[in-house]
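See structure below.
The values are calculated or read from the model by the stated rules, or taken from the named source; none is laboratory data. The model shown is predicted, which means the values in this text are computed figures rather than measured ones. Quick reminder, even Gly has a Cβ in these numbers, built from the backbone with ideal geometry, and neighbours come from all protein chains shown.
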Amino acid sequence: MAITDEGYDFSQHAFMPFSEDVLDDLELLKDLGLVKIEGEKIRLTEKGLEVLRNVLRKDARLRALMKYIEAIKARWNREPEKLSKYICVKYPHYIEKSLIKYLVK
């Protein structure tokens, strides 16, 4: 897995910042039976949910992180176009060659 204290390295992509390492880790999680991919949605399997529950029971920091993630999802899942615009404005170096750079105009 590419997950480290430093996170992922992203590069420019046609639409948004992209990291091959994210896809590699997702494939590993799928191979381990922890996630399933349904179209554009990624969901935890029963096994994945059980692993998550066990980890969350033991780590208060991760419980706080999950609450933060849920808040982010609640905000941006309703308005994905605003998320795209936010990324374009906040990280302009990722969109120089992007097909969606028009969002910042």
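Worth a mention:
- Counting the residues of region 55-92 that are acidic (Asp, Glu) and assigned to a helix (DSSP H, G or I) gives 2.
This table checks each residue for (1) surrounded by 13 or more Cβ atoms within 10 Å (Cβ to Cβ); (2) out of contact with any strand residue (DSSP E or B) (no Cβ under 8 Å at 6 or more places or on another chain).
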position	(1), (2)
Phe18	yes, no
Val22	yes, yes
Glu27	no, yes
Leu44	yes, no
Arg78	no, yes
Pro92	no, yes
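- Some residue of region 79-98 being farther than 23 Å from Ser11 by Cα and at pLDDT below 90: yes
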